[in-house]
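Right, one structure below, let's go through it.
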Amino acid sequence: MERFQISRATMYSICFYVIVACCRCETNPDIDFLIWGLERSTFILTCVCSEVTNISIKQVYLGRNMESSPMEPFDEALNYRSGSNKCFCSVFFRHRKQVDIWYCKLIISDNAAVIVFQGTLRFPEVYMPIPIKAWGKVYVALRVRNFGFIKLISVERKTVVFINRDMHVKLRRRQDSKFKIFEAEVNETSGNPLYVSEVKYEGVILQSSNTFGVITGTYPTNESTYTIESGLPMFSLRKHEYVTFCAEKGSCSVVVFSPFSRVFNITSLKHGRTNQYLDHPSHIVVVKNDSLIIQGKSHLQVQVFIERPDKRSWSMYTAIPSELFLTKYIIKLHDNTNDTAFLIVINTKGFDDIMIEGTNESLSATRLEYQVNYELLFIFCYELPENLEYEIYSVSETPFGLYFYGETSDGSFASPIALGNTGKDFNYRSSLSTTKPSKTTTTTTPWCIISNVTKGDKKDNDCDGYIDEELFNAKDDDDDGKIDEDTALDTGTGCLPGWFGTHCEKMCRCNDSACLPNGDCKQNVSCVFDFFGLQCQYKDLIHSANVSQENVRYRHLTPCHHNFTAKTPLTITFPWPTRISWIQIEAVSKDNLQGLKLRFSQTRNQSCYTGHCRHRREFYLNTNTLRIMCSAAQYVCRISIAFNAPEEERELCSIYISAGRNLALGQPVGMSSYYRDKLGIVSRRSLAVDGRLGDSWKSCSTTRLQDQDPLLRLSFLNPVLVEEIIIYFKVTVKNERFSINLLDSTDNVIYSSTGVIESIVSIIPSSQISLQTIDVFKQHSTSPLSICELEVYGECAPPMYGPDCSEICSISCNDQICTYEGYCKWCPNGTAGLYCFEGCLEWCEDYQEVTNATTTPRVTHVAYHKQSGFRVENVWLYVMIPIAIVGICSVFICTGPSRDLEKVPSEPKTYQQDFYQHYLLTKESEKTMFSETDNQTSTSVDVTDALNTLEIVTPSMTTTNA
């Protein structure tokens, strides 16, 4: 019978078409907006604007005791389009007396902008609500002390919001609501202000495991007026750039809040000067009466307060990052805004690029033109004469900023328009063009990006603080045996001696650094004594342990060159609690490994895992080498190896205890500052990931003494699964504490913890997590942060594996998690082997019990990703085939020739392309609208997730739980 084979590419193609079929059959979901009605409000008008021809709107009141007299209400779902109008407005309620806060929900069938006017009839304040589906889990907010407010709202039960790390508030359900609405208010007593300026502003960081909405504002002393803005959740942006304007009528204050004092620049459009802020003590900067360009390396909160000349009221608006600018906006004005109403347009294309439709009159505009780094920036103030709806767009389809500012006899108001003009997925796709480099110099050295070396280029190519230093001081600073420029070498591979890899990020672990360009050892060369495996990348822990038989440490280039008779039980005792990845045992033959049992036990004065190897997985690398994995993500102290028949002699060759491979080597590192000694030598950031242990200043990455919030950020080129993090500190102050944040690919904090700085600190996450960034930092410290080595052990995040995390793991593996070599980390129940293609002839009830207890005689000879024919253990594969056929057919059933997806064929994208694109984003400069200066990976420190914990252990065998 001819064997049936199916390739890996075919299997992925089948899965792809099944997914596409499901996606194409999905209908567009509704978009829900939650409208806040605040205290002291007597009037609320909501306008829905959309370009969709027919749109359905449904209004749902969320309060029981609301007295309302709606005018043209959205009482029930209706399709509307009145002539050429693109906006439809409804008065929600009108009262003479002021009422308490209330909520109303709008359910809209398609893409729309929602603009809300509220206040008194004589004075409306305006804000743009964010769709519920776009609410975030982390917010950074500014509050005016004494009479500012921050309100939190959620539709999820058990929502707890953490405030400035040390306090939290639980959102409680409103008693007068017939729907699930949970709310809370952050006031002066909810938590200690994390950042307070000398004037009257304080910064607040909010985080929850659930999504929630935020509105901020002020209750001025004049109770008839107030300000209100929607809180903008933290986005993962490529750049953090803000442009602010100040109205000519009255005084203006621009307040910039930089969490954890990350570096940012402020350029005055009026004077053309640029100031850089790095270590501002309050983390809040206030600039008076000036329009600004603000550029940072991480998230900033920028708010502008405009006070009327008569000082009767003020207005507030939140500056939107330029990356969120749009190419088209639709707005509707309220009846009482035509006293004085302005549209503020910010663009780089000039006056003729902006078109405003909605009036037959020519609009008068104040044109402000600024020259920024040899490029022009335009700010136009259009005075709007009538109560009309307006459509504003760019002729060249260039994104531009739009703000709304107005004055009435009783007050003033301002708001960004971008928040109300979003797509369904809240996905802004604008990409502002860059301009020529700036000649403006700053007071500190800009962030350095490691670059290729061109002799005499007058650049600090290796980011050690020197330019062409070896040519200048005639010293071999980079230990390459030559006196040349920076990292210029003649290795043939472009890497420093002792390094290899696509990006020179892997360290050669062969004796005498005798590695081939691909990382393999040269002929007749073995691994250094404490490393083994593919390219000698696995760390061997047995050399630091006490063993009952010294023969287990024997190593030779030829496998099983030496063998010994094992005396059971073999014991391996570690000097301190240690995490292991797996155990590898070489024997003379497979028969010598049958009936093998593993057990973990404690030692005196040490608390470790005790018991059998849980969820044991085993497979043979060859006929006499067995690898055993256990799923215990804990520290172990002693390993005992025994056999079912102890009277039988067992001929073993060697035993390896693997800690895994260090993923941090050669990865991009950023620091908040750099220490410089008396001789002018700068502490390099790469010292923390150079694979060399030492505790001198010259071998550690150290921040400067004046840095009160020092930080070191490690970024991976691709997401990784982390099993253990080991930090080698240089201790400068006893009992000083540090913090660590683990962030995903979108810069969201997924785990965090704090601990005491020791010489060696080991951290094991409480669960397997995929991350891309690690932040180690101190807060309000009087001493530098000095890290001599940062090691991260784990594997590539699924479904990738390999040296560059560019190979695809077999779909037969559990969760598509593979080892460095491509073997399955875990198998589904009933399967085994290198790639989980071998298994029982039936689903044995005692299969797991057997494999968890002793070694089985099963051995795999199946080639990588190959099927060996129709067999019972591969029945799951055959079940997928008819499912895949149904999926392919559904593609043609659910799609037609008129669908948009068929009009523009998409270009196929491979994981290899994703890898290089991500690497370029990490290595190359991040362009901004007004500067071509290279920026390093963002060094922002996000708030900690107090709901998650990490387990920390130090060499003194003390364990703390965060």
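Worth pointing out:
- Close pairs (7 angstrom Cβ cut-off, 6 or more residues apart or separate chains): in contact (Cβ under 8 Å) with a residue 12 or more places away in the chain and acidic (Asp, Glu) in the stretch 605-631, surrounded by 13 or more Cβ atoms within 10 Å (Cβ to Cβ) and part of a strand (DSSP E or B) anywhere: 618/626; 618/627; 618/628
- Against the test of being surrounded by 23 or more Cβ atoms within 10 Å (Cβ to Cβ) and at pLDDT below 70, the options 244, 225, 221 yield a single qualifying residue, 225.
- Residue among 255, 286 that is modelled with pLDDT of 85 or more, among the β-branched types (Val, Ile, Thr) and surrounded by fewer than 22 Cβ atoms within 10 Å (Cβ to Cβ): 286
- Subset of the stretch 792-839 that is acidic (Asp, Glu) and modelled with pLDDT under 85 - its residue that is surrounded by the most Cβ atoms within 10 Å (Cβ to Cβ): 838
- Residue check for residue 180: surrounded by fewer than 23 Cβ atoms within 10 Å (Cβ to Cβ), closer than 27 Å to residue 747 by Cα, assigned by TED's automatic domain parsing to the domain that holds residue 405 and modelled with pLDDT of 65 or more: no
- Condition check for residue 574: touching a Gly at 6+ places or on another chain (Cβ under 7 Å) and buried (at least 16 other Cβ atoms within 10 Å of the Cβ): no
Yes/no matrix, rows are residues, columns are (1) at pLDDT 75 or above; (2) among the β-branched types (Val, Ile, Thr):
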position	(1), (2)
61	no, no
71	no, no
85	no, no
111	no, no
129	yes, no
133	yes, no
138	yes, yes
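- The single condition from (1) at positive phi; (2) small (Gly, Ala, Ser); (3) modelled with pLDDT of 85 or more that residue 154 fails is (1).
- Search result, residues across the stretch 785-799 that are part of a loop (DSSP other than H, G, I, E, B) and in contact (Cβ under 8 Å) with a residue 60 or more places away in the chain: 785, 797, 798
- The criterion of being assigned to a loop (DSSP other than H, G, I, E, B) and either assigned by TED's automatic domain parsing to the domain that holds residue 535 or in contact (Cβ under 8 Å) with a residue 60 or more places away in the chain (or both) holds for residue 649.
- Some residue of the stretch 804-826 being among the aliphatic types (A, V, I, L, M) and within 20 Å of the chain's Cα centre (by Cα): no
- Residue check for residue 530: surrounded by fewer than 20 Cβ atoms within 10 Å (Cβ to Cβ) and under 15 Å from residue 660 (Cα atoms): yes
The values are calculated or read from the model by the stated rules, or taken from the named source; none is laboratory data. Every value quoted in this text rests on a predicted model; they were computed, and no experiment measured them. Note that each Cβ is placed from the backbone with ideal geometry, even for glycine, and that neighbours are counted across all protein chains shown.
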